[in-house]
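Just so it is clear, none of the values below were taken in a lab; they were calculated from the coordinates. Treat the numbers as computed from the prediction; the structure is a model and nothing was measured. No Cβ is skipped: glycine too gets one built from the backbone with ideal geometry, and neighbour counts run over all protein chains shown.
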Amino acid sequence: MDKDAKKRINELKKELIRHNELYYSRAKPEISDAKYDALMRELKVLEAEHPEYATSDSPTRTVGAPVQEKFSKVRHAAPMLSLESINDEAGAERFNRTCEKELDAECDYICEPKLDGISIELVYENGEFISGSTRGDGIVGEDVTRNLKTIHNVPKRLMGEKVPERIAVRGEVMMHIKDFNALNKRQVESGKDPFANPRNAAAGSMRQLDRRVTAERKLHVYCYRILFLSGETPPTQIEALNLLERLGLSVAPKVKHCRDIAEAIKYHHTFEDERDELDYEIDGIVIKANKTTDQKKLGMRTNNPRWAVAYKFEARKEVTRVEDIVVQVGRTGVITPLALLVPVEVGGVTVSRATLHNMDQIKKLGVKVGDYVKVQRAGDVIPYISEVLEHKRTGSEKTFHMPVKCPGCGTSLEKEDVFVRCPAGLSCPAQIKEAITHYASKGAVDIDGFSEKTVALLFDGGMIKSIADIYALEREDLLALPGWKEKKTDNLLAAIERSKDVTLERFLFGLAIKNVGKYIATLLAKKFKSLKNIISAEEEELLAIKEIGPEIADSIIDFFGVQQNIDQIERLKANGLNIQAKKTIVGGKLAAKKIVLTGSLRSLSRSQAKKIIESEGGEVASSVSAKTDLVVVGEKAGSKLEKAKKLGIEILTEEEFKNLVE
Ligand code: IVH
């Protein structure tokens, strides 16, 4: 019996060390958090029963994976511990009972979102950001200072007059869901493996030795704990978070002070329903004793604090069947397999398709047509298949084979590394349709109503063959389309007319140049000021932008080297397109004002509001700081509003904003 226990303990230790390495160092976990927790629990129980086999190197006593060699090492100000997890109300009640018993008093809590990203430590000396590190083995982490410096909401200098001599804080590196979806699209289009989820993408981005890659990934850091502070420690966690914000660090929204555990449980349930409202993934809430004195009294265990607990949300995974696997042709010709699923509700959203990215992914998953699979969804992350339930196979499942011809134009497909591409470019109708849809999309020239469906209708009806044709559409032709009444037609024509005044960065993004997303488009517009300058830019000039590497530079040069693309731009201009470098509109109602939008606006979309602000000479900023001039608040505004109030910044309701710009 004892021999069995020893054997199992050794097996579990080996397994867990391997999974730690996969999770923390390589950002490629092979098992779910729940499976990992179960293995860890089993080991803890066995070690408790057989303390003679509990060695100091056991994963129950160490956190994370060994430090990677390629970054230099940093000793953390305090061990970077992890949190104990609970899954239900009973767990929360138990946590409360232990706290109150230990304190011999009632305990108040602060509840925060549990950010599903990568834990880091930031150190500031005399206000200056001097060092940042990942968790590593919990004691010694990896020095990722250079990478953290590329993240826009990590201040290089702290704000305010009374900055502490030294402060070390802990936070989470997060990739927002929209940036994650865009990154995965780019990954697949450039033949690289997509990331399984935003957390893995954030981990992979932090581990880049070339910080230009990190910069392109658009990460955010949200801080939640002061690890060290010279001077007086704030008396509560709420005050600690307030101090972090005053210093200019970002803190996650929706933090709530709860008088007792019942309020904390209520917060958990409400938040679980509202988790999609955030731009990033959270996998639960963290309940923390609010008072610093309580935290001190409760103290630490070997691996985690006694004063805090992670109360997890239910994973949003459901089982369904793959009815078919089809392929889609992307705007750069990449062929993407897509699983068509028996519709299933995953966390309140009906899912009927899941991207399979490429042949490699299909092989890795081992998915066949007819398979039962687990479908996972995180926020607005495109749903994906996380597991194939092989034990449910009947033998009638069919292996998927990539087509040899493009389903859009019949051209023979070509294989490049892991992806398959249609080489026909703009003579492939499927690619043109995608390119036109992208050009008209919100982030690009933003033609309201020019959806994928409309593009297909106009393209298949022979009314548009390229993006330049959009500006030559005739009212009569549109009215002749089935179901197109005057109102719909005039709305579309008005939207097309409005889109003729476009900023350089939006236009560039709309051209769908390989490797040029919104961020790179903005940098290009800022540096080169006109399309003419970009078209004639030499490689060295492009590489002078620190975020642009040879791969992006080549894509830009290649794109403008194609005569067809230059002709298209000329036609667009001839059809009335007016591409403007972003400039401060002298005399605009919002001239040179930095404006932050927060909460959901009722009558305007974000991009409409942005356009109005820009057309009045203002600039939209994403976070509130002392430099912000105005904050426009919609419904359910959160921490940005709080911060604006604290900084005394002018706040306008949606109505007031509209009156101002009318
Ligand atoms: S406090 C002593 N607060 O979740 C540990 N952690 O396994 C103090 N996390 O490793 C952590 N959101 O990386 C804290 N609001 C939050 C958090 C948070 C996410 C992470 C942290 C930790 C992991 C728990």
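Are any of the pairs 291/627; 7/392; 442/500; 162/643; 518/610 more than 22 Å apart by Cα-Cα distance, and if so, which? Numbers along the way, then the final one.
Numbers: 291/627 32 Å; 7/392 32 Å; 442/500 14 Å; 162/643 18 Å; 518/610 15 Å.
With Cα atoms farther than 22 Å apart: 291/627; 7/392.
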* Asked: Residue-wise, which Karplus ³J(HN,Hα) couplings in Hz belong to region 159-175, taking 6.51 cos²θ - 1.76 cosθ + 1.60, θ = phi - 60°, and x for glycine or proline?
  -> 8, x, 7, 9, 7, x, 4, 8, 9, 10, 10, 10, x, 10, 7, 10, 10
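Ignoring everything except DSSP H segments at least 4 long, calculate the 222 nm mean residue ellipticity for the chain; use -39,500 (n - 2.57) per segment, divide by total residues, nearest 500. Don't jump to the answer; show the numbers that get you there.
Values: 24 runs with 238 residues, N = 662.
Estimated from H runs of four or more residues: -10500 deg cm²/dmol.
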* **Stretch gain in nm, segment residue 494-residue 273, where the contour uses 0.36 nm per residue and the Cα spacing is subtracted** => 75.7 nm
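Out of region 415-505, which GluC sites (Glu not before Pro) are coil in DSSP terms and have no more than 11 other C-beta atoms within 10 Å? Display every interim value, and only then the final one.
Numbers: sites: 416, 434, 452, 474, 476, 486, 497, 505; in loops: 474.
Answer by residue number: 474.
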* Where labels lie 7 Å past Cα in the beta-carbon direction, separation of residue 487 and residue 398 in nm -> 4.5
* Asked: Given the C-alpha centroids of region 162-233 and region 562-630, what is the distance between them in whole angstrom?
  -> 27
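Past 32 Å, Cα to Cα: identify those pairs from 297/374; 546/646; 185/405, in the order given.
Values: 297/374 44 Å; 546/646 35 Å; 185/405 22 Å.
Going by Cα-Cα distance, 297/374; 546/646 fall outside the 32 Å limit.
Only Lys, Arg, Asp and Glu count, each charged at its Cβ (+1, +1, -1, -1), so figure out the dipole size of the chain about its Cα centre, rounded to 20 debye. List each step's numbers first, then the result.
Working: 104 positive and 102 negative charges, 147 e Å.
That gives the chain a dipole magnitude of about 700 debye.
With contacts defined as alpha carbon pairs under 8 Å and 6 or more residues apart, what's the relative contact order of the chain in percent? Could you put the intermediate results ahead of the total?
Working: 1193 pairs, mean separation 63.1, N = 662.
Relative contact order, the chain: 10 percent.
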* Positive-end residue of 630, 543, 613, charge dipole of region 521-662 with Cβ unit charges -> 630
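Stretched out fully, how many nm does the piece from residue 536 to residue 103 gain, at 0.36 nm a residue minus the Cα gap? The partial results should precede the final answer.
Details: separation 433, 0.36 × 433 = 155.88 nm, distance 7.01 nm.
Contour length minus the Cα-Cα distance gives 148.9 nm.
By counting other Cβ atoms within 10 Å of each Cβ, how are 11, 619 ranked from fewest to most? Walk me through the numbers before you get to the answer.
Working: 11 13, 619 16.
With the sparsest Cβ surroundings first, the list reads 11, 619.
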* Scan around residue 317 for amide H atoms under 5 Å from its own, H built in the peptide plane at 1.01 Å from N, and keep only partners 5 or more places away or cross-chain. => none
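How do 257, 391, 357 rank when sorted from fewest to most other Cβ atoms within 10 Å of their own Cβ? Spell out each step's value before the answer.
Working: 257 15, 391 6, 357 25.
Arranged by neighbour count, lowest to highest, 257, 391, 357 become 391, 257, 357.
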* Over region 579-650, what is the percentage of antiparallel beta bridges among all DSSP beta bridges, to the nearest 5? -> 10
* Dipole size in debye (nearest 20) for region 427-500 around its Cα centre, Lys and Arg Cβ +1, Asp and Glu Cβ -1? -> 140
* About its Cα centre, how strong a charge dipole does region 597-642 have in debye, to the nearest 20, once Lys and Arg get +1 and Asp and Glu get -1 at the Cβ? -> 180
* Set Lys and Arg Cβ to +1 and Asp and Glu Cβ to -1, take the dipole of region 169-243 about its Cα centre, and tell me which of 188, 243, 208 lies farthest positive. => 188
* Asked: In sequence order, what are the phi-derived ³J(HN,Hα) couplings for region 241-257 according to the Karplus relation 6.51 cos²θ - 1.76 cosθ + 1.60 with θ = phi - 60°, rounded to whole Hz, with x for glycine and proline?
  -> 5, 4, 4, 4, 5, 4, 7, x, 7, 8, 10, 5, x, 6, 6, 9, 8
* Structure fact -> The residues 199, 75, sorted from fewest to most surrounding Cβ atoms within 10 Å, come out as 75, 199
